[in-house]
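The structure under discussion appears below in the form of structure tokens.
The values are calculated or read from the model by the stated rules, or taken from the named source; none is laboratory data. From a predicted model like this one, the values you see are computed outputs, not experimental measurements. Quick reminder, even Gly has a Cβ in these numbers, built from the backbone with ideal geometry, and neighbours come from all protein chains shown.
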Ligand SMILES: [Zn+2]
């Protein structure tokens with residue numbers, strides 16, 4: 001794993017600053033013996049492993065300056081496990097609520113694209129909001145297999161590539177909890193800009209590394225993760241959109257709702273204790289409830305100018 005890193009340090013993927021603007025942020029804590037098919041799964045139990053990261057002094061983005069190759073990342077996600085279909089439905093509910101103010105500003109309800117769609121739970125919400133055509137891209141075979149049959153025709157297996165779609169054909173493009181994972185988030189956002197109709201909107205959900213909980217947990221935060229190639233703050237996620245030609249850029253911090261047994265996954269505690277508590281909770285009356293919490297998730301959006 002460690003040998004797959006590129007030889008030359010990459011520039012800041014947000015502002016393009018070089019290594020002279022980079023200061024150490026996280027040390028390399030990867031342990032090959034602990035990397036498995038679940039390491040690249042959505043909503044896994046946190047492993048607290050990360051690549052070495054630097055922080056850009058000019059734009060505040062934290063990023064892996066020697067990332068694995070695009071091909072190696074794509075292979076990791078293609079083979080990843082998937083066991084969080086139920087949590088995907090809860091996440092889609094939270095995203096749909098947070099998206100309401102954005103949808104009120106958007107006129108078109110033609111086609112919607114979701115990059116990193118998982119089981120397409122959120123596309124289902126967009127269909128309920130009136131979008132006529134639903135398209136999702138997802139690299140994980142296991143996630144697609146976990147999608148209900150009626151959603152599978154919406155999903156294209158693979159990593160997102162602009163050439164697979166017609167330019168200026170979408171009213172809405174979403175990318176939730178995925179911008180941290182890609183090798184070049186600026187290129188993804190620029191491609192989305194080409195694919196949006198004028199007046200269309202791009203919406204992202206990212207972790208806010210400067211949110212209270214993430215600052216309190218530090219290295220024990222679930223955002224410290226081998227999958228993450230960069231970590232945004234609320235400010236840097238908006239700046240990424242402004243840099244790539246979007247206007248009326250804005251954003252909002254929002255609350256997630258999950259079962260208690262899912263929240264328990266994210267709490268730093270010994271694995272044995274966590275497993276025992278989780279088995280007690282699963283299937284109990286308590287776990288039928290949903291608990292809301294602000295864990296530093298941030299939705300940002302920007303419109304393509306007319
Ligand atoms: Zn930068």
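Quick notes
- Here residue 20 meets the list (1) more than 22 Å from residue 189 (Cβ to Cβ); (2) touching a residue at least 12 places away in the same chain (Cβ under 8 Å); (3) within 16 Å of the ligand (Cβ to nearest atom) almost entirely, failing just condition (2).
- Count of segment 135-151 residues, restricted to those that are touching a residue at least 12 places away in the same chain (Cβ under 8 Å), surrounded by fewer than 21 Cβ atoms within 10 Å (Cβ to Cβ) and part of a helix (DSSP H, G or I), is 5.
- When residue 27 is tested against (1) away from the ligand (no atom under 16 Å from the Cβ); (2) at pLDDT 85 or above; (3) surrounded by 17 or more Cβ atoms within 10 Å (Cβ to Cβ), just one condition goes unmet, and that condition is (3).
- Only one of 266, 213 that is surrounded by 14 or more Cβ atoms within 10 Å (Cβ to Cβ), over 21 Å from residue 41 (Cα atoms) and more than 16 Å from the ligand (Cβ to nearest atom): 213
- Any hit, segment 155-172, residues being in a helix (DSSP H, G or I) and over 20 Å from the mean Cα position of the chain (by Cα): yes
- Among the residues of segment 104-134, those that are in contact (Cβ under 8 Å) with a residue 60 or more places away in the chain and more than 20 Å from the chain's Cα centre (by Cα) comprise 105, 106, 107, 108, 109, 110, 111.
- Condition check for residue 48 on (1) surrounded by fewer than 18 Cβ atoms within 10 Å (Cβ to Cβ); (2) within 16 Å of the ligand (Cβ to nearest atom); (3) within 20 Å of residue 208 (Cβ to Cβ): one failure, at (2).
- Some residue of segment 74-83 being within 16 Å of the ligand (Cβ to nearest atom), without any contact (Cβ under 8 Å) to a residue 40 or more places away in the chain and surrounded by fewer than 17 Cβ atoms within 10 Å (Cβ to Cβ): no
- Residue within segment 99-114 that is buried (at least 16 other Cβ atoms within 10 Å of the Cβ) and in a loop (DSSP other than H, G, I, E, B) present: yes
- The criterion of at least 3 residues that are in contact with a strand residue (DSSP E or B) (Cβ under 8 Å, 6 or more places away or on another chain) is met, among helices (runs of 4 or more DSSP H) falling completely within segment 203-306, by 212-217, 234-243, 260-266.
- Subset of segment 30-72 (residues that are more than 22 Å from residue 158 (Cα to Cα), modelled with pLDDT under 85 and not in a loop (DSSP other than H, G, I, E, B)): 32, 33, 34
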